[in-house]
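What follows is a short report on a single structure.
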Amino acid sequence: MVILLTITQCVSPASKEKIAGVKVPTEWVERVREYDYKQDNLPILKQLEGFIKSDTLAGETDSTHIGRGIVDQSSGGIFTLLFINLDDDPAVELVGIFGYARYDPILAVFKMINNSWYLIYREPFFIFNGESGIQIVNTPSANKTFYMRVLNERGSGVYQDAYRFYKLIHNKIYPCLELTNEARIYGWGLHLNQDVKLRLDFSSTSSDEFRASYAYRFFPGPGYDVSSRNNDQIGADAAFVTGEKSVSYVWDAATYTYQPHPLSYPDMLPEDADLTPDKVACFGQFGNDSLFVKAFAHEIQQTLRMGAKEQKSSLQAYLNFVKSLNRTAVTRDNSLK
């Protein structure tokens, strides 16, 4: 039932309040509707750029957008779109990813309101590993959630991307959740190193919710006595915490966001519980050693009690390091008072 279409509640028809958006000629939308994926898309992109003046489409300085608006024909820019019904209005909307540079596009959403088309939302973002497509998840809801992958961090030994989720309600786009997708750190000295990967499950047929499952591994960096080992060996015999856990996110109509589903079994043991908000936050907050120690306190104690000798020694050294950081922070704060 994962047909790339999503979630939300039925909402009442939009009020006649002032429309927040840029009016777009119907002729341009119809031209986009007839786009055959083989034509030169530069004129369409340049027209879109004209609608959002004085802003420009991202990627102007990229090699795929040269000086006077000439696009490298081997690239052709980015022009990925869907006509699809995203809300309780029976008319379809236009949602797409547009840009001159494949790694530097914008998300744009267009809607017909009172017989005129409007660009009601746009958001520039970055992507590196492949391209970002729009995914739509079909759950029992009038408002369809859509999401895309974005790049948050990339560097030497560091990579993090995420999925951003959105809904169209009352002629307005609401960013309603961001979840870390992949998050890797290798070679971070005494700080926490990690390897995290997300899997999404949109199998619900009765409510506006989905499940996020994470496989994660937190391990010592080369500042500890494991520098000669590769990442697989560290994961096998020296990792601080490893696991595979899940958490469900449920639509909250009061806040227009997805919120973690409360535990169904309040007497559940810590080792059996789903992922907490602190644990999920830890996946994407690189260098937040204090958050890791707080979020995974139970798992850390398990490793200290039952882990291999190398695990316990490197973990204890890491905990001492975190304590020293906290003492330094307290001293600095007190000196500022």
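No value in this document is a laboratory result; all are computed from the given coordinates. All values derive from a computational prediction rather than experimental measurement. Here Cβ is always computed from backbone atoms with ideal geometry, including for glycine, and neighbour counts include all displayed protein chains.
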Would you grab the residues whose amide H sits under 5 Å from the one on Tyr121? Only those 5+ places off in sequence or on another chain, please, with H modelled 1.01 Å from N.
-> Val109
Using Cα centres only, tell me the gap between the range 280-329 and the range 191-226 in whole Å.
-> 17
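If packing is taken as the mean number of other Cβ atoms within 10 Å per residue, what is the order of 104-110, 20-26, highest first?
Details: 104-110: 23.0, 20-26: 15.0.
Per-residue mean Cβ counts within 10 Å order the peptides as 104-110, 20-26.
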Before anything else, pin down the relative contact order of the range 72-149: Cα pairs under 8 Å, at least 6 apart, normalised by residue count, whole percent.
-> 24
Set Lys23/Lys279; Lys167/Lys197; Lys111/Lys197; Lys245/Lys323; Lys144/Lys294 screened for pairs whose C-alpha atoms are more than 32 Å apart = Lys23/Lys279; Lys111/Lys197; Lys144/Lys294
So how far apart, in nm, are the two label points at Gln301 and Thr56 if each is 7 Å from Cα heading toward Cβ?
-> 5.8
So what are the ³J(HN,Hα) numbers for the range 166-174, from phi and the Karplus equation (6.51, -1.76, 1.60; θ = phi - 60°), rounded to whole Hz, Gly and Pro as x?
-> 9, 9, 9, 9, 6, 6, 9, 8, 10
List the residues whose amide H sits under 5 Å from the amide H of Ile113, counting only those 5 or more places along or on another chain, with H placed 1.01 Å from N in the peptide plane.
-> Tyr118
Zone of Ser246 (label point 7 Å along Cα→Cβ, backbone N under 20 Å): which residues in the range 182-215?
-> 182, 196-215
What net charge is computed for the residues neighbouring Val92, neighbours being all others with C-beta under 15 Å from the C-beta of Val92, Lys and Arg scored +1, Asp and Glu -1?
-> -3
In nm, what is the difference between 0.36 nm times the number of residues separating Phe128 and Asn114 and their Cα-Cα distance?
-> 1.2 nm
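From Cα pairs below 8 angstrom and at least 6 apart in sequence, can you work out the relative contact order of the range 124-223, rounded to a whole percent? Write out the running numbers ahead of the final one.
Working: 212 pairs, mean separation 20.9, N = 100.
Reported relative contact order: 21 percent.
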